[in-house]
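Asks: The following block contains the structure, expressed as C-alpha cells.
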Amino acid sequence: MTDAAAALSPMEAAQQPKGLTRAFAYAALLAMSFVMLYPLLWMISSSFKPENEIFSTGSLIPETFTADAYRRGWNGLSVSFGWMFLNSAVISVLAVVGNLMSCSMAAYAFTRLQFKGRKFWFALMLGTMMLPQHAVLIPQYLMFLNFGWVNTILPLVVPKFLAIDAFFIFLMVQFFRGIPRELDEAALMDGAGPLRIFFRIILPLSMPVLATAAVFSFIWTWDDFFAPLIYLNDIEKYTAQLGLRTFVDATAQSDWGALLAMSTLTVLPIFVLFVMFQRLLIEGVATTGMKR
Amino acid sequence: MSVNEAPLYRAPLWLRFKGQLAGYGFLSPWLIGLFALTLGPAVSSLYLSMTDYSLMSSPRWVGADNYVRIASDDPRFRAAMNVTFTYVLLSVPLKLIFALAIAVLLNKGLKGLNWFRAIFYLPSLIGGSVAIAVLWRQVFASDGIINQVLMAVFNYEGPSWIANPNTAIYTLVALAVWQFGSSMIIFLAGLRQIPTDMYEAASIDGASRARQFFKITLPLLTPVIFFNAVILTIDAFKAFTPAFVISDGSGGPIDSTLFYTLYLYQEAFTNFRFGYASALAWVLVAIIAGFTALAFLSAKYWVHYDD
C-alpha cells in the first residue's frame, strides 16, 4: 500500500491551479481546518484555565495556566478516574486480542482451507455484517443476565473472542487473498499442516492488516458507550466513558473545567493512536470504507 | 463475492478429511458466535417481539399487539421517528456535500494534502465519544462558543440551543456534519481512480472546469456517492451516544432529541419492557432494510457502473 497522494503525475502537476485560484483554495481549506479544530483546541485550552476564565474569553491561550482542573476531575467521583481508565484499558486490550485471534482464524478458514459449506458460511458472514445489533441486543442481554455475567466485563469481552465483529473477518479475507498461494503450497509440500502455515506464513505476512484491525478495534472499544452502559452497574467497574457521563450528572455542569479536563483525558489515547498510526487509519478507511 | 477457487491438484483423501477438520476448527470461534450471539438471539428477539415480557414473569404471548401499538397508538414512537428522520435526512446529504466539496478541493494537487486530510479526518475518529458530546453541550450552551461568536460578530444574543426543543436536534445534525472526514477520504480515493486523460481530453475540447466537474467527475463518482450514502444512512439511523449524553438519557427537551435507538434503550433498560423493545428493534431493522433496498433499486437510474 503506497500513498498515491505523495507523488503527482506530470499531468496532475500541469493541472495544478495557479495564482488566485490556488490562494483561494488554501484560504478556504485553512479556514475550514480552523473551524473544525477550534472546539477541540478550546476543550484542551479550557482544561488548563482557572474556572472563571473559561467563559470570559474565547482565547485559546490560558492567561493563567493551571492543571488544577485535572486534579479536581481525577478525584471528582467516588472512584478515581485512574481506576476507570484502567478498566477501559483492560477491556480494550482484551477486545483487540480477541478480535485478532478469532477473526484471523475465520479469515484463514475462508481463504485457505477446503471444507464443505465454506461458501455458504462466507455468504452468511457477509449477511451478519448487515444485521443491526439492535435485532439481537435484548436476547443477548437476557442470556448474559442468565449466565450471571451482567456487571462483569465478560459480556464486553467474550463476544470479541467469538469473532462478533465480522467486519474484521472481511478486512482480513481481503488481505489474505493477496498473499501468494505458492507460499502455503510450498510449505504443504514440506509437510507443514494448516496450523503451521497459519502461524508461520499467513500471520507474519499479515502485519499491516493485523495492525489496522488492532488499532480500529482498540479505538472502537475504548469509545464504546452503549455496551458498558447496559452491562456495567457498579462505579468500580465503570469504563472511562461511563465515568465521564456520570461526571456530567455529578457536577451538573458546575465544574466545566474538571469536566473538560476529563474529556480531554478520555480522548487522549485515541489522539495518540491517531498521531502514531495516522497513515494506517486513513488507508484503512480509504480501502474498505470503514466508518467512524 | 466468491471465495478462492479450488487448488489445481486434488489432495489425497486423508488430507481432504484433515482439511474438513482444519476448516471447521479454524472457523469454530466464529461459528459458536454466529449461533450463540447472532442467529439464536435473532430468532429469540423475533419471538419476544410478540410477547409481553418484563423479567418479573415469563413472556406472555400477545401476537402482533406490540406491532399494532407501535403503528397506531404510540406518540413517543412517532416522536422518535420524527427526530430520527429529521436527523437522517439532514445529516446525510450535508455530510455528503461537505465531504465531496472538500475532497474535490484537496484533489487539485495542493501541497499539504496529507495534513489537511488528517485534520478533517480527526473529528470522524473521535466524534462518537462521550467527551465530544460533552464538548458539544458546551459549544451550543447559552454561554457557549457559538453564542460568544454570535455576540462578538453580530451583537446577537443567541438562545440556549441545547435546551430549546426547536433547535436541539440541529446541534446534533451539526455534530454529525462535523464528522464528514471519513466520507471525504473515501471520495478522495474515488477521485484518484478517475483517469487524468479524461480531463486532458475535455480541456482540449474547451470544457470549463465546472463542466468537467458535472460531466466527468460527478458521473464517474456516482458509485462512491452511492456507497457513502448507504453507509451514512445506516449509521445515522443507529446513532445513540450524542443524543444520550446531550439529553442526559431522556431524549429531551420534550422528546426533541429522542433518537430511535434512545427510545429503544429506554423501553428495554429503564422500563424493562423487553417484548415491546424487541418489536421496536425489528421495526428499526425493517426501516433500515427498506431504505437500503430503496437505495439499491434507485441505483440503476443514477449510479454509473459501466467502464
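Values in this text are rule-based calculations from the coordinates and carry no lab data. Quick caveat: nothing in here was measured; it's all calculated off a predicted structure. So basically every Cβ, Gly included, is an ideal-geometry build from the backbone, and we count neighbours across all protein chains shown.
Asks: For q = 0.10, 0.16 Å⁻¹, what log10 I(q)/I(0) does chain A give under the Debye formula with an equal point scatterer on each alpha carbon and no solvent?
Replies: Here log10 of I(q) over I(0) equals -0.76, -1.27.
Asks: Additional query: Before anything else, pin down the relative contact order of chain A: Cα pairs under 8 Å, at least 6 apart, normalised by residue count, whole percent.
Replies: 29
Asks: If you put +1 on each Lys and Arg Cβ and -1 on each Asp and Glu Cβ, how big is the dipole of chain A around its Cα centre, in Debye rounded to 20?
Replies: 840
Asks: Could you tell me the relative contact order of the range B:66-302? Use alpha-carbon pairs under 8 Å, at least six residues apart, and round to a whole percent.
Replies: Relative contact order here is 30 percent.
Asks: Do the sum for chain A: with -39,500 (n - 2.57) for every DSSP H run of n ≥ 4, divided by all residues, what is the mean residue ellipticity at 222 nm, to the nearest 500 deg cm²/dmol?
Replies: Here the helix-only value at 222 nm equals -22000 deg cm²/dmol.
Asks: Right, another one. Decide, for the range B:57-206, between rounded, prolate and oblate: order the square roots of the alpha carbon gyration tensor eigenvalues as a ≥ b ≥ c, take rounded if a/c falls under 1.5, and otherwise choose prolate if a/b is larger than b/c, else oblate.
Replies: oblate
Asks: Ranking B:56, A:125 by Cβ neighbours within 10 Å, fewest first, what do you get?
Replies: Lowest to highest Cβ neighbour count: B:56, A:125.
Asks: Hey, another quick one. What angle, in degrees between 0 and 90 and rounded to the nearest 10, separates the Cα long axis of helix A:278-288 from the longest principal axis of the Cα atoms of chain A?
Replies: So the helix axis and the longest Cα principal axis differ by about 50 degrees.
Asks: Once the Cβ-Cβ distance between residue B:97 and residue B:150 is put in as r, and R0 is 25 Å, what FRET efficiency do you end up with, to the nearest 0.05?
Replies: Given R0 = 25 Å and the Cβ-Cβ separation, E is 0.60.
Asks: Take each complete run of DSSP H in chain B, measure how far its Cα atoms stretch along the helix's own axis, and keep only those covering 15 Å or more with mean Kyte-Doolittle hydropathy at least 1.6; list them.
Replies: Span-like helices here: B:168-178, B:218-237.
Asks: Please find the FRET efficiency linking residue B:211 to residue B:300, where r is the Cβ-Cβ separation and R0 is fixed at 25 Å, and quote it to the nearest 0.05.
Replies: 0.50
Asks: Could I ask something else about it? Once both axes come from the Cα atoms, what is the angle between helix A:19-46 and the longest principal axis of chain A, in degrees from 0 to 90, rounded to 10?
Replies: The helix A:19-46 is inclined about 70 degrees to chain A.
Asks: Looking only at other chains, what is the average number of their beta-carbon atoms within 10 angstrom of each beta-carbon in B:228-241?
Replies: Other-chain Cβ atoms within 10 Å of each residue's Cβ, averaged: 2.
Asks: Label the range B:66-302 by shape, choosing from rounded, prolate and oblate, from the square roots a ≥ b ≥ c of the eigenvalues of the Cα gyration tensor; if a/c is under 1.5 it is rounded, and otherwise prolate applies when a/b is larger than b/c, oblate when it is not.
Replies: Oblate, since a/c reaches 1.5 and b/c is not below a/b.
Asks: Between helix A:118-130 and chain A, what is the angle of the helix's C-alpha long axis to the longest principal axis, kept within 0 to 90° and rounded to the nearest 10?
Replies: Here the helix axis deviates by roughly 20 degrees.
Asks: Enumerate the amide H contacts of residue B:52 below 5 Å, restricted to partners 5 or more residues apart or on another chain; note that Pro and chain-start residues carry no placed amide H.
Replies: Distant-sequence amide H within range of residue B:52: B:60, B:61, B:62.
Asks: Still on this structure, I have one more. Tell me the relative contact order for the range A:81-251 as a rounded percent, counting alpha carbon contacts under 8 Å between residues six or more apart.
Replies: Computed over the range A:81-251, the figure is 44 percent.
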